[in-house]
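Below: one structure, written as structure tokens.
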Amino acid sequence: MNNKVLNTLEFNKIKLRLKDCAVSAPAGRMCDNLRPSSNPEWIAKAQNETEAALNRLLKDDRISFGANFDTRELMKAAEIGKVMSPGELNSLGRLLMLVDSLTEYDQKYVHSSGTEDYEDAVSSYFAGLIPVPKLLSEISRCIMPDDTIANDASAELKNIRNSFSVYSGRIHSQLNQMVTGSVSQYLQDAVVTMRGDRYCIPVKAEHRSKVPGIVHDQSSTGSTFFIEPAAIVELNNKLTQLHLDEQEEIGRILTSLTALVAQSADIITEDQKLITLLDFMFAKAKYALKLNATKPVYNEEGRIRLRSARHPLLDPEKAVPINITLGEEFTSLIITGPNTGGKTVSLKTAGLLTLMGQAGLHIPALDRSELSVFNDVYADIGDEQSIEQSLSTFSSHMTSIVQILKHVNSRSLCLFDELGAGTDPTEGAALATAILEHLHKKGIRTMATTHYNELKTYAITTPGVENACCEFNVETLSPTYRLLIGIPGKSNAFAISKKLGLSDAIIDAAGKHITTDQASLEDLISDLDSKRVRLEKEIADFEKQKKDFERREKELAEKEDRIINQKDRIINEAREEAKDILSDAKNVADETIRAFNNAGAPMKIQTMEKKRSSVREYISKHEEALYAEAMKNSKKNQEKKAADVVTISAKNAVPGTSVHVLSMDVDGTIVSAPDKNGNVSVQCGIITSKVKLSDLTELSDKKSPAKKTSAGSYSAAKVSTISPEINLIGRTVDDAISLLDKYIDDAMMSRLDKIRVVHGKGTGALRKGIHDYLRFHPGVKHFDLAAHGEGDGGVTIVEL
């Protein structure tokens with residue numbers, strides 16, 4: 001990939017932002033050296049690694065690479081016997097601890113996946129890490145965190161330091177006795193001080209001869225001599241020897257540790273390389289998370305299809321997503337429209353996202369966006385006027401274009417900003433048309449911006465070449481930055497001038513200088529644009545209705561399934577209950593018959609009647625129990641229908657009367673007059689049942705089972721108006737919860753089973769407050785963050 005395009009499309013700025021996401025210096029250098037590749041296998045591998053690291057971060061972001069550093073020079077020195085310092089050993093120890101923590105991180109992630117043989121694109125890097133526990137243990141035992149040698153580093157060092165403490169204590173004891181006793185009157189101050197590595201006392205100059213010993217120093221005024229008393233000279237000599245012994249033993253310990261390091265140098269070097277690679281991959285994942293970026297899908301047909309793409313260097317809150325298509329139905333795209341409308345940004349977005357993808361970075365666009373691998377990307381964008389080389393803007397651009405045309409091939413992507421500008425418009429348009437035609441015949445994917453009407457006409461009349469424009473709102477005199485493919489753009493110079501107050505006379509006079517063909521083209525473009533706006537509105541309305549119908553269809557299907565399941569359950573329960581009742585009735589009847597048979601002699605009438613009465617009482621008892629249970633189950637329904645209830649009596653129980661059977665909670669029609677026991681036959685669907693008059697209520701004329709209740713009407717009204725998403729960004733936690741509480745009530749009344757709560761990422765306080773509220777809401781079944789690419793950390797999906 002040529003260096004010029006990397007600067008022109010600002011890929012180097014992408015590398016700087018990526019570097020900010022790297023933790024260690026070696027990974028930062030990898031970010032500095034990152035370049036797009038034209039090798040499809042390398043690109044696929046790099047994209048998979050970024051995706052795997054991103055998935056791990058989303059699940060567990062507790063991973064750090066801060067202890068990583070370049071060990072190559074240190075390992076070379078250790079291998080040739082150069083003794084390592086305590087600080088270097090401590091740094092190496094922290095690196096070895098990092099190996100252990102990364103291994104543990106990987107094991108936890110694999111375990112959480114549910115399969116012990118889980119593997120992704122970064123698993124091999126974690127698996128390649130080899131801990132060196134013996135060396136880590138020795139370094140931790142011998143070197144303290146402050147880079148000093150521990151007393152327990154060796155038995156000899158411990159003995160030396162213990163002896164040093166004993167002799168130092170003796171010296172202090174004798175000196176304290178001296179400064180507070182026999183020589184106190186000769187001292188400048190009653191203190192013990194050090195000169196070099198020898199203990200001394202400050203003696204007044206005039207009493208120097210009164211204190212026998214060795215003079216080690218004198219004050220700047222000459223009034224004080226620092227004398228090592230003769231009584232402690234031997235003790236000081238012993239301390240000096242112990243100090244030398246200590247340094248010798250420390251040297252031996254460091255030499256031993258260095259030898260251990262040299263033995264594991266190859267393992268340490270390989271571990272450090274793997275850690276650097278992992279840090280780099282997770283830096284790419286962190287940057288993808290910042291951009292809300294996704295993995296592009298690659299094709300071999302030279303096709304670009306970017307869905308809601310955003311320029312990664314623009315403010316994500318202000319950048320307008322655009323859709324870019326190239327290489328499918330057309331290989332050349334000519335973008336027209338007013339200045340500052342977003343034409344150049346569209347070019348740079350397509351080019352920069354291509355470079356990012358081929359460098360293994362995810363791109364800021366919706367998932368399923370497509371890119372193709374190009375051998376090279378060429379861009380002629382911006383004012384390249386050169387005073388030093390005496391080149392005008394046109395000459396500079398043309399020099400760049402000449403170089404591009406020398407190197408392009410069918411696997412190149414070419415981007416031209418204001419092609420043919422900076423010279424006579426007629427000649428410039430002719431040159432621009434010829435250049436585009438040359439590239440088009442070679443099948444080279446090309447995007448160009450222009451103001452020339454000739455290029456709009458060329459795109460309209462040439463197969464495989466398409467117009468596009470950046471939308472401009474004349475009413476507000478501001479661009480919308482939306483890229484509209486298939487429609488040529490207008491400069492809108494007349495409309496903008498009129499809006500700004502230029503007189504109609506001047507505008508009319510200007511219009512006379514435009515040729516008929518040019519005027520016709522502008523009128524055609526205006527007509528197409530108005531039709532496009534109307535069509536987009538109709539499509540949006542249609543999509544809304546389509547989603548509404550699909551939701552209603554789904555609700556009806558679910559309701560039908562519930563009714564079928566409920567029907568089967570009720571029938572099965574009724575069969576079981578009927579079976580039990582029949583069994584009990586049979587037992588009572590059998591017992592009565594046995595009583596008749598066992599009587600022998602003819603049974604008295606009174607006794608027979610008593611037995612018959614007991615059977616009737618048993619049957620009545622079960623009927624009353626069933627009736628009471630049914631009345632209990634239909635209590636709510638009775639309360640709703642209380643205003644319309646009309647009691648059924650023998651007088652108004654006329655065949656054809658519409659009634660409601662309370663015990664069964666169904667509607668039917670009387671088909672026979674009451675019998676002597678007060679029972680009537682009621683037709684309920686295809687079943688005719690004999691029912692007591694007291695179990696019936698008359699349905700009013702206005703009451704119909706097919707009509708919806710008021711609650712049902714409310715639900716239907718809500719379903720048609722309520723949105724499945726609520727946006728709470730910018731609200732305080734209290735305001736957001738208040739709005740969300742009412743919204744959930746409406747959503748449940750509307751029978752929505754799932755809603756989206758948009759709270760944004762920010763500091764996380766609003767998301768936490770909303771989650772704490774949802775966790776205890778009785779109407780919430782489950783909630784979780786949205787999937788990656790569909791809102792992720794800024795959106796919560798709530799299942800009601």
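The values are calculated or read from the model by the stated rules, or taken from the named source; none is laboratory data. In this text, all values refer to a predicted model and were calculated from it rather than measured experimentally. Because the Cβ atoms are built from the backbone with ideal geometry, glycine has one as well, and the counts that use them run over all protein chains shown. The area values use the complete protein model at the heavy-atom level, side chains included, leaving out ligands, DNA and RNA. Shrake-Rupley method; radii C 1.70, N 1.55, O 1.52, S 1.80 Å.
Applying Stokes-Einstein at 25 °C and 0.890 mPa s to the Kirkwood radius of region 413-455, computed over alpha-carbon pairs, gives a translational diffusion coefficient of 236 µm² s⁻¹.
Here the label points at CYS684 and ASP792, each 7 Å from Cα along the C-beta direction, are separated by 5.7 nm in the simple model. The portion of the accessible surface of region 33-160 made up by carbon and sulfur, rounded to a whole percent, is 51 (1.4 Å probe; DNA, RNA and ligands excluded). Checking the cross-link pairs LYS554/LYS742; LYS273/LYS318; LYS19/LYS45 against a 32 Å limit on the alpha carbon distance flags LYS273/LYS318 as lying beyond it.
Size descriptors for region 716-800: radius of gyration and Dmax over Cα atoms are 12.1, 38 Å.
The stretch between ARG751 and SER168 holds 201.3 nm of extra length on full extension. This uses 0.36 nm per residue minus the Cα-Cα distance. Legend: calculated FRET efficiency, GLU41 to ALA510, from the Cβ-Cβ distance at R0 = 56 Å, rounded to 0.05, equals 0.45. Computed over region 226-354, the P(r) curve from all C-alpha pair distances, binned at 5 Å from the origin, holds 2, 7, 10, 11, 9, 7, 6, 5, 5, 5, 5, 5, 5, 4, 4, 4, 3, 3, 2, 1, 0 percent per bin.
Multiplying the residue separation of ALA205 and TYR773 by 0.36 nm and subtracting their alpha-carbon distance yields 196.3 nm. Amide hydrogen proximity for SER369: with H placed 1.01 Å from N in the peptide plane, the residues at 5 or more positions away or on another chain lying under 5 Å are VAL297, ARG307. Put a dot 7 Å past the Cα of GLN241, heading toward its Cβ, do the same for LYS546, and the two dots end up 9.8 nm apart. Were the residues from SER395 through GLN566 laid out at 0.36 nm apart, the gain over their Cα-Cα distance would be 53.4 nm. Please say if region 1-67 is rounded, prolate or oblate, where rounded means a/c under 1.5 for a ≥ b ≥ c the square roots of the C-alpha gyration tensor eigenvalues, and otherwise the choice is prolate for a/b larger than b/c and oblate otherwise? The shape class here is oblate.
Computed over neighbours whose Cβ is under 15 Å from that of VAL211, the net charge equals +1, Lys and Arg +1, Asp and Glu -1.
Here each label is just a point 7 Å from Cα along the line to Cβ, and for LEU313 and GLN185 those points are 8.6 nm apart. A simple rule links phi to the HN-Hα coupling: the Karplus curve 6.51 cos²θ - 1.76 cosθ + 1.60 with θ = phi - 60°, which for region 403-410 gives 5, 5, 5, 6, 10, 5, 8, 5 Hz, with x for Gly and Pro. Electrostatic tally near ARG195: other residues with Cβ closer than 12 Å to its Cβ, Lys and Arg +1, Asp and Glu -1, net -2. Calculated FRET efficiency, GLU591 to SER658, Cβ-Cβ distance, R0 = 41 Å: about 0.40 to the nearest 0.05.
Once you have a ≥ b ≥ c as the square roots of the Cα gyration tensor eigenvalues for region 169-209, tell me rounded if a/c is under 1.5, and otherwise prolate or oblate according to whether a/b is larger than b/c. Here region 169-209 falls in the oblate category. The overall shape of region 1-156 is oblate: from the C-alpha gyration tensor, with semi-axes ordered a ≥ b ≥ c, the ratio a/c is 1.5 or greater and a/b is no larger than b/c.
Over all distinct alpha-carbon pairs, what is the Kirkwood Rh of region 66-184 in angstrom? It would help to have the intermediate numbers written out before the result.
Values: mean 1/r = 0.0541 Å⁻¹.
Computed over Cα pairs of region 66-184, the Kirkwood hydrodynamic radius comes out at 18.5 Å.
If a spin label sat at a point 7 angstrom from the Cα of GLU300 along the line to its beta carbon, the backbone N atoms of region 29-54 nearer than 13 Å would be those of 40-41.
What FRET efficiency, computed as 1/(1 + (r/R0)^6) with R0 = 45 Å and r the Cβ-Cβ distance, is obtained for GLN403 and LYS290, rounded to the nearest 0.05? Computed FRET efficiency for GLN403 and LYS290 comes out at 0.80.
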